[in-house]
Amino acid sequence: MTNAPEITIAGRQIGPGHEPYVICELSGNHNGSLERAITLLEAAAATGADAIKIQSYTADTITIDHDGPDFTVEGGLWDGRTLYDLYGEAQTPFEWHEPLFRRARELGVTLFSSPFDESAVDLLEELGAPAYKIASFEAVDLPLVAYCASKGKPMIISTGMANLDEIGEAVKTARDNGCEQLVLLHCVSSYPAPDEQSNIRTVPDLAERFGVVSGLSDHTGGSAVAVSSIALGGCVVEKHFTLRRTDGGPDSAFSLEPEEFTSLVDDCKRAWRSLGKATYDLQGSESASVQFRRSLYVVGDVAAGDVLTRENVRSIRPGQGLAPKHMPDVLGKTATRDLKRGEPLDWAAIS
């Protein structure tokens, strides 16, 4: 673990030797209200998340206003909606960014964003964003990856839909353009994502193949998949957040509510603490229990010279007598002295 890669975002070290870094994704669940966006930010900070993330685009920077088949969603949560309409609802307007970053500073919580074009990167630079996240759909936009990397800040790239070659291109582009601290997040880019397609064994494989910190951007329901990724060695979890799923919003169906996200943070960190190392040594918390293991005890009074049998010797709790494995060596032997019921058996009592 000492040679494992690690990065630092806003002073927080991230890697296998540190507690998992849990990112709370606000996305479009502000429902078009800056006031709700700030309330979301405040609620997210209260969950104990390590960072909060927004998305920086407008409908016009991410697509065009067109209702042709290429620009219309078929199936899923957003069936029948045009991309322009969907992104117009989900966008976090650029003019909201300054008050959101200001509130995050007041709360003492890390806030960064996924930029979707160079103008968004420029805005985030002005606001002092400490890191950049490349969304799965943008992982193939190598000029955007290069522009983010040129800022010299930590980068997190989601790999949803990307094959190995595409991931390799994104990593090389980031490295070649100045990114020295890189995280790759395994991701299934469906909304919500089925548990059985999560394939979270990919999380440690990403770390091994590309020599990076790895983690999971999770779109499944609940928190089980995210916690499992930590057990496999993941260092980062990103999960969507909302105040209440019944409030609606583009991503509400696969977002966690505050109480659930608080549990996610706690469970991820407990999972990491539980990993420890492969060991067969007695643990400190077990020391008081050792005395209650089974051992050989006299269960009926035995006079000196009498034979020890299964009627007067048994393997029972507690553990102050001879180990149970010695039962064959004890049976048939004679007592060297009077033995009382409830006395632990020892070698000195046997002829």
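The values are calculated or read from the model by the stated rules, or taken from the named source; none is laboratory data. Keep in mind that this is a model prediction, so the values were computed, not measured. Using ideal geometry, Cβ is built from the backbone for each residue, glycine included, and neighbour counts are taken over all protein chains shown. In case anyone asks, the SASA skips ligands and DNA or RNA and just uses the protein heavy atoms, side chains included. Shrake-Rupley method; radii C 1.70, N 1.55, O 1.52, S 1.80 Å.
In order along segment 307-316, the phi-based Karplus estimate (6.51 cos²θ - 1.76 cosθ + 1.60, θ = phi - 60°) of 3J(HN,Hα) comes to 7, 7, 10, 5, 7, 10, 9, 9, 8, 9 Hz; Gly and Pro are listed as x. Peptides 286-293, 74-81, 180-187, ordered by how many other C-beta atoms sit within 10 Å of their residues on average, highest first, read 180-187, 74-81, 286-293.
Taken over segment 198-272, the percentage of Cα pairs per 10 Å bin, counting from 0 up to the bin with the maximum distance, is 21, 47, 25, 7, 0. Per the Cα gyration tensor, segment 290-351 maps to an equivalent ellipsoid with semi-axes of 18, 11, 9 Å, ordered largest to smallest.
Where the alpha-carbon atoms of the chain are placed on the principal axes, they occupy 100, 44, 42 Å, in descending order.
All distinct Cα pairs of segment 251-309 go into the 1/r average, and the inverse of that average, the Kirkwood radius, is 17.5 Å. Taking every DSSP helix (H) stretch of at least 4 residues in the chain, weighting each as -39,500 (n - 2.57) and dividing the sum by the residue count yields a mean residue ellipticity at 222 nm of -9000 deg cm²/dmol. Centre-to-centre separation between the Cα atoms of segment 133-182 and those of segment 54-120: 19 Å.
Relative contact order of the chain, taken over Cα pairs closer than 8 Å and 6 or more residues apart, is 15 percent. Summing Lys and Arg as +1 and Asp and Glu as -1 over all other residues whose Cβ lies under 15 Å from the Cβ of Pro154 gives a net charge of +1. Spacing of the modelled spin labels on Ser33 and Phe292, each 7 Å from Cα toward Cβ, amounts to 5.3 nm.
Normalised per residue, the accessible area of the chain is 47 Å², obtained with a 1.4 Å probe and no contribution from ligands, DNA or RNA. Residues whose amide H falls under 5 Å from that of Glu343, counting only those 5 or more places apart or on a different chain, are Val298, with hydrogens built in the peptide plane. Amide H of Ile156 versus every other amide H placed in the peptide plane: which residues, excluding those fewer than 5 positions away on the same chain, fall under 5 Å? Those lying under 5 Å, H to H, from Ile156 are Tyr132, Lys133, Ile134, Val183. Converting the Cα gyration tensor eigenvalues of segment 212-351 into ellipsoid dimensions via √(5λ) gives semi-axes, longest first, of 60, 16, 11 Å.
Using C-alpha pairs under 8 Å with a sequence gap of at least 6, the mean separation divided by the residue count of segment 252-351 gives a relative contact order of 27 percent. For His186, what is the net charge nearby, where nearby means another residue's Cβ is under 10 Å from its Cβ and Lys, Arg count +1, Asp, Glu -1? Computed value for this residue: -1. In order along segment 184-201, phi translates into HN-Hα couplings of 10, 10, 5, 7, 10, 8, 10, 9, x, 9, x, 3, 5, 9, 6, 6, 6, 5 Hz, rounded to whole numbers, per the Karplus curve 6.51 cos²θ - 1.76 cosθ + 1.60 with θ = phi - 60° and x for Gly and Pro. For segment 160-174, 3J(HN,Hα) computed residue by residue from phi via the Karplus equation (6.51, -1.76, 1.60; θ = phi - 60°) reads x, 6, 7, 7, 4, 4, 5, 4, x, 5, 5, 5, 4, 4, 4 Hz, glycine and proline entered as x.
Net charge in the neighbourhood of Tyr132 (other residues with Cβ under 11 Å of its Cβ; Lys, Arg +1, Asp, Glu -1) is +2. Of the solvent-accessible surface of the chain, computed with a 1.4 Å probe over protein heavy atoms with every protein chain present, carbon and sulfur atoms account for 49 percent. In this entry, segment 8-63 is assigned a mean projected area of 5.2 nm², taken as a quarter of its C-alpha convex hull surface. Here the contact order of segment 222-304, divided by its residue count and restricted to Cα pairs under 8 Å and six or more residues apart, works out to 26 percent.
Pairs of C-alpha atoms in segment 113-216 farther apart than 23 Å represent 23 percent of all such pairs. Taking amide H as placed 1.01 Å from N in the peptide plane, Glu238 has its amide H under 5 Å from the amide H of Ile23, Leu216, Ser217, Asp218, each at least 5 places away in sequence or on another chain.
The dipole here belongs to the chain: it is taken about the Cα centre, uses +1 on the Cβ of Lys and Arg and -1 on the Cβ of Asp and Glu, and is about 2520 debye.
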